[in-house]
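We did not get these values from a lab; they are worked out from the coordinates using the rules stated. Note that the structure is a prediction, hence the values are computed from the model and not measured. Cβ: placed from backbone, ideal geometry, glycine included. Neighbour counts: every protein chain shown.
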Amino acid sequence: MPELPEVEVLVRHLRPLLVGRTIRAVDVRRSRVVRPNEPGELSRALQGATFTGLDRRGKYLLFSLTSGRTGSPLVVLGHLGMTGRMYLLPADRALPKHAAVVLDLGPERFVFEDTRYFGRISLETAPAKALGPEPLLGDFTAAYLRAALRKSKQAVKVKLLDQKLVAGVGNIYASEALHRAGISPLAQSCRISTARAQRLWRAVRFVLRRAIQFGSTVPLEFRGTGDDRLFYYGRAKGSGAGYEEKLQVYDRGGLPCRRCGTPIRRIVQAGRSTFYCPSCQPRTSAESRLNACKAP
């Protein structure tokens, strides 16, 4: 599933292409992706609306528009789900099989394509409002992270996936941040010291910023034509040798740690794969005492 860096790169790609464009028609081809709205409800709201901006909140895209009927501001929430793609397609090109929502912009069409239909295009923005702080903004501090972790008995890797703790961090970058901070994914959240929480805070921000910077340089094909992949899986097809894999542990089970050479381990936590180096990320004695916390 795309995480914060992938969504941020997509937002930066789409914003200049959409701002100022007016929606001439709306074609909802898969009603499940517009829930809780009905297809007709979304169509009536977007018909004649003009894009005025595009921002990101966690893993969500927030499309700002001006209503064509009332002139009032309108926000549409987008989520890529597991397999979603959003891009502009020339009007004379055939639509892909899994096009879920199509917006007629005149010479081009905005296409939301989703093979599994877990994504969303909706007028309901409540999910974005329920998120925790943005990890790259000022309200996500080391002190905040430490205080939040102290309230949880969960393993720290699992807790990092809680979008109410911090918005946009997912399975890939949680593993990467913990490796950079030298913290075991099995460590109990409430037993992580202030110093280690500080390292983790720095690591989260570092890996996200680096991924955004790297993703902004990869010549991705957002339409999904060909064998390209999202940039967290390495380099796009046809890109130069400089676009090498940047991940340190994720999806590298059994391979040597880039730092110490110890084989990377893969475990399952809360139904998700976790990758870590047992040598670089040891648990302290305090972090190993699973019932030591007084957290609720």
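Among the residues of segment 132-153, are any in contact with a Cys (Cβ under 6 Å, 6 or more places away or on another chain), among the charged types (D, E, K, R), assigned to a loop (DSSP other than H, G, I, E, B) and over 26 Å from ARG21 (Cβ atoms)?
Within segment 132-153, one or more residues are in contact with a Cys (Cβ under 6 Å, 6 or more places away or on another chain), among the charged types (D, E, K, R), assigned to a loop (DSSP other than H, G, I, E, B) and over 26 Å from ARG21 (Cβ atoms).
Got a number for residues in segment 131-160 being buried (at least 19 other Cβ atoms within 10 Å of the Cβ), aliphatic (A, V, I, L, M) and touching a residue at least 60 places away in the same chain (Cβ under 8 Å)?
The qualifying residues number 1.
Counting only residues that are buried (at least 24 other Cβ atoms within 10 Å of the Cβ), of a type outside the set (Gly, Ala, Ser) and out of contact with any Lys or Arg (no Cβ under 7 Å at 6 or more places or on another chain), how many does segment 173-188 have?
Here the count works out to 3.
In segment 171-196, which residues are assigned to a helix (DSSP H, G or I) and either under 22 Å from the mean Cα position of the chain (by Cα) or closer than 28 Å to MET82 by Cβ (or both)? Walk me through it before giving the result.
So in segment 171-196, the residues assigned to a helix (DSSP H, G or I) come out as 171-181, 189-191, 194-196.
Correct list: ASN171, ILE172, TYR173, ALA174, SER175, GLU176, ALA177, LEU178, HIS179, ARG180, ALA181, SER189.
Among the residues of segment 18-55, which ones are without any contact (Cβ under 8 Å) to a residue 60 or more places away in the chain and under 24 Å from the mean Cα position of the chain (by Cα)?
Hits for segment 18-55 are VAL19, SER31, PHE51, THR52, GLY53, LEU54, ASP55.
Run GLU113 past the list (1) in contact with a strand residue (DSSP E or B) (Cβ under 8 Å, 6 or more places away or on another chain); (2) over 23 Å from LEU4 (Cβ atoms); (3) of a type outside the set (A, V, I, L, M, F, W, C) and report the number of the one that doesn't hold.
Answer for GLU113: the failing condition is (2).
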